[in-house]
1. For A:Cys137, all conditions in the list (1) within 14 Å of chain B (Cβ to nearest Cβ); (2) part of a loop (DSSP other than H, G, I, E, B) hold save one; what is the number of the exception?
2. Taking the condition in contact with a Leu (Cβ under 6 Å, 6 or more places away or on another chain) and assigned by TED's automatic domain parsing to the domain that holds A:Ile143, does A:Thr104 pass?
3. Where residues in the stretch A:57-85 are touching a helix residue (DSSP H, G or I) at 6+ places or on another chain (Cβ under 7 Å) and touching a residue at least 60 places away in the same chain (Cβ under 8 Å), which of them is surrounded by the most Cβ atoms within 10 Å (Cβ to Cβ)?
4. Taking the stretch B:81-105, which residues are in contact with a strand residue (DSSP E or B) (Cβ under 8 Å, 6 or more places away or on another chain) and either farther than 22 Å from B:Leu180 by Cβ or at the interface with chain A (Cβ under 9 Å from one of its Cβ atoms) (or both)?
5. Taking strands (runs of 3 or more DSSP E) that fall entirely within the stretch B:138-217, which contain at least 3 residues that are in contact with a Phe, Trp or Tyr (Cβ under 8 Å, 6 or more places away or on another chain), within 30 Å of B:His256 (Cβ to Cβ) and not charged (D, E, K, R)?
6. Out of A:Val147, A:Val88, A:Val108, report the one residue that is away from chain B (no Cβ under 14 Å) and either in contact with a Gly (Cβ under 9 Å, 6 or more places away or on another chain) or among the aliphatic types (A, V, I, L, M) (or both).
7. Among (1) under 27 Å from A:Ala155 (Cβ atoms); (2) over 13 Å from the mean Cα position of the chain (by Cα); (3) within 10 Å of chain B (Cβ to nearest Cβ), where does A:Arg20 come up short?
Amino acid sequence: MTSVALTVNGTPHEVDVEPRQLLVYLLRETLGLKGTNVGCDTSSCGACTVLVDGESVKSCTLLTAQADGSEVTTIEGLASADDELHPVQQAFHEQHALQCGYCTPGFVMATVSLLQENPNPSEREIRQALEGNLCRCTGYHNIVRAVEAAARAGA
Amino acid sequence: MIPAAFSYERAGSVEEAIELLSRDEDAKLLAGGQSLIPTLKLRIARPGVLVDIGGLDDLRYVREDGDWIAIGALTRHAAIVRDAVLERRCALLTHATELVGDPQIRHRGTFGGSLAHADPASDLGAVAVALDAQLVARGPNGERTIPATEFFTGPFTNALAAHELLTEIRVPAVERGVYLKYQRSARDWATVGVAVADVGGRVHVGLASMGGTPLRAAAVEEALAGGASAADAAERAAEGTEPPADISASSDYRAHLARVLVRRALEQL
């Protein structure tokens with residue numbers, strides 16, 4: 001077992017984990033944060049995207065042990081304490097940027113990371129920046145609109 | 001998919017990493033893990049020990065050194081893309097790195113880790129051989145420098161000894177360079193990738209996915225040095241290569257892509 005200290009959505013945790021544990025399973029199974037989904041499990045689809053130290057990462061492709069000392073943010077950590085949606089969540093809601101919703105947490109986290117790096121992306125930049133996330137309901141057009149709306153809202 | 005069990009050691013320094021590697025024949029280095037973890041999950045790799053060097057922040061840097069730029073092996077792709085020195089003095093590397101994987105992978109994956117993984121389809125392998133990059137390795141017997149053209153010894157194998165690790169990659173400042181790749185879909189590996197650079201007045205051409213290692217298109221370079229036009233030289237892009245046939249493309253199609261992409265890259269140079 002390996003000792004890992006990390007902060008998830010602002011709460012510090014100290015856990016002993018098997019070295020082979022992937023971060024997504026710490027989040028889902030140990031901490032009960034099931035908003036982060038496992039989709040392809042091959043680092044392709046991005047459904048498991050979370051922020052590690054503010055940057056988007058695929059949590060199925062990171063060992064919990066590698067996140068030692070890091071700050072992790074999941075979809076559950078975006079809304080404010082009084083449950084007001086994060087501007088990116090609000091934009092996905094208003095622009096109808098989801099159908100089944102399975103990919104949505106990953107898209108939202110990838111968008112938060114994108115807008116931190118590039119607050120005013122062009123449509124082309126948005127599409128390129130989301131190349132690590134797949135939506136099988138063919139919702140890309142509305143997802144792009146949602147990212148544009150979130151950027152306008154200053155997310 | 002869950003990796004097979006392994007024991008895990010976190011190295012606090014390069015010296016400690018070398019010591020940990022020396023202790024176990026079955027040890028493997030973990031940098032950003034963006035290539036290694038998928039292979040662990042598929043159980044293609046089943047190391048007994050993983051030596052995690054991901055915390056060695058002193059191997060994350062970009063420094064100008066005369067006509068060269070020294071890059072710490074653990075510099076992440078995203079940091080390379082953002083680096084102003086590289087954009088000004090070796091934009092070929094900046095632009096090629098922007099095409100590696102996707103943003104999430106670029107946030108964790110490292111330049112040295114990608115090169116050491118030695119995927120014949122790697123964008124950065126083609127760029128490294130085109131640039132005649134120099135790879136600095138450290139082991140129990142000290143430091144040595146390996147030219148990129150000698151670093152890749154076969155598919156997923158490199159010239160590092162069992163107890164050595166890559167600490168730095170040195171690339172020359174180049175004013176002109178182009179990287180083009182053809183891929184079947186977003187974030188796919190390069191069906192074929194082509195890196196072209198003017199290094200000290202001579203045009204170098206690197207190829208990805210045209211054989212078991214990143215390659216130099218020697219026949220193209222020779223033709224250009226002899227005064228051939230871009231179009232004529234590019235016709236020789238597949239000479240001396242053994243392009244693989246797989247689900248993405250036949251060997252013949254890869255040879256065709258290499259000729260087209262080399263011509264386009266030379267025309268853009």
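1. All conditions pass for A:Cys137, except number (1).
2. yes
3. Only one residue fits best here, namely A:Lys58.
4. Correct list: B:Val85, B:Pro103, B:Gln104, B:Ile105.
5. B:192-199
6. Criteria check complete, one pass: A:Val88.
7. (1)
For every residue, the table says whether it meets (1) within 11 Å of another protein chain (Cβ to nearest Cβ); (2) modelled with pLDDT under 95.
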site	(1), (2)
B:Ala5	yes, no
B:Gly12	no, no
B:Glu25	no, yes
B:Leu30	yes, no
B:Leu56	no, no
B:Asp67	no, no
B:Ile71	no, no
B:Ala79	yes, no
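The values are calculated or read from the model by the stated rules, or taken from the named source; none is laboratory data. Predicted, not measured: the structure shown is a model, and the values here were computed from it. Please note: Cβ atoms are built from the backbone with ideal geometry, for glycine as well, and neighbour counts cover all protein chains shown.
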